[in-house]
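Below is one structure, written out as structure tokens; comments come after it.
The values are calculated or read from the model by the stated rules, or taken from the named source; none is laboratory data. All of these numbers come straight from a predicted model, not from anything done at the bench. Cβ coordinates were reconstructed from backbone atoms using ideal geometry, including for glycine residues, and neighbour counts include every protein chain displayed. Side chains are part of the model used for accessible areas, which takes the heavy atoms of the whole protein and leaves out ligands, DNA and RNA. Shrake-Rupley method; radii C 1.70, N 1.55, O 1.52, S 1.80 Å.
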Amino acid sequence: MYQMRLRDGLIVYVRMAGERRGQGIRGRLSIYRRGKGAVSGFGEAALDRALADAGFIEEHLANVREGQPSRASVWAIDAIRRLDVEVRWTPCETAASALAVETAVVALLRTHGIWNRVASRAILTPASARAVAAQPVENGAGGPTTVVALSAELGRDDGGKAVRRTLRQGFPDHVRHTSWDPLTPVHVAYVRSRLGRSRH
């Protein structure tokens with residue numbers, strides 16, 4: 001679980017590094033360092049802000065006029081370098097616990113203009129944000145999201161078996177033979193990240 005913050009201490013991005021081929025945080029930071037993250041995550045947020053800066057554009061246009069255009073990855077690298085961010089991280093025992101921290105922190109920082117794309121979808125007050133990670137997720141009909149509803153959303157026709165199996169893997173402390181419903185944002189995000197990814 002890592003954070004990017006500006007030198008004045010303002011936290012602008014938080015995310016779990018994930019289990020990227022066993023590389024964790026090193027793998028994620030390497031993606032940013034090599035300019036490979038220009039269309040997602042922090043790399044995209046940095047590039048979006050750089051492209052809104054006339055000075056940044058002019059600097060790269062000068063290279064184009066001189067017949068030395070840069071590759072897209074170089075633009076992405078330069079966009080991150082201009083921010084001069086500081087990286088801090090904390091290890092988590094499981095992917096589920098890292099996701100829980102990410103969910104709670106993004107909710108708390110939404111009102112402070114954090115750059116995570118998900119943070120722009122809703123604005124919470126600090127008081128309501130503190131409890132967001134434990135609140136049930138509403139489905140499209142306005143009711144709480146259940147295992148069966150999430151299973152249908154993901155195109156599974158197994159009565160929720162794959163969703164329950166995934167939840168047991170990610171949340172081993174859950175009391176066996178008790179209901180998972182209603183699902184919290186952490187549960188939903190974890191299942192979507194696992195089952196959604198496995199379908200592609």
Do you know which residues across region 41-52 are open to solvent by 50 Å² or more (accessible area, probe 1.4 Å) and under 21 Å from ILE11 (Cβ atoms)? ASP48, ARG49, ALA52
Quick check on region 145-172: of everything there that is farther than 14 Å from VAL186 by Cα and touching a Gly at 6+ places or on another chain (Cβ under 6 Å), which residue is most open to solvent (accessible area, probe 1.4 Å)? VAL148
Somewhere in region 177-195, is a residue modelled with pLDDT under 85, out of contact with any strand residue (DSSP E or B) (no Cβ under 8 Å at 6 or more places or on another chain) and exposed (fewer than 12 other Cβ atoms within 10 Å of the Cβ)? no
Conditions first: (1) closer than 20 Å to ALA17 by Cα; (2) part of a helix (DSSP H, G or I); (3) at pLDDT 85 or above; (4) not hydrophobic (A, V, I, L, M, F, W, C). SER151 passes all but one, so which condition is the exception? (1)
Failed item, numbered, when GLN23 is tested on (1) at pLDDT below 80; (2) open to solvent by less than 60 Å² (accessible area, probe 1.4 Å): (2)
Suppose we filter LEU99, LEU124 for residues that are at pLDDT below 85 and either under 16 Å from GLN3 (Cβ atoms) or exposed (fewer than 14 other Cβ atoms within 10 Å of the Cβ) (or both); which single one remains? LEU99
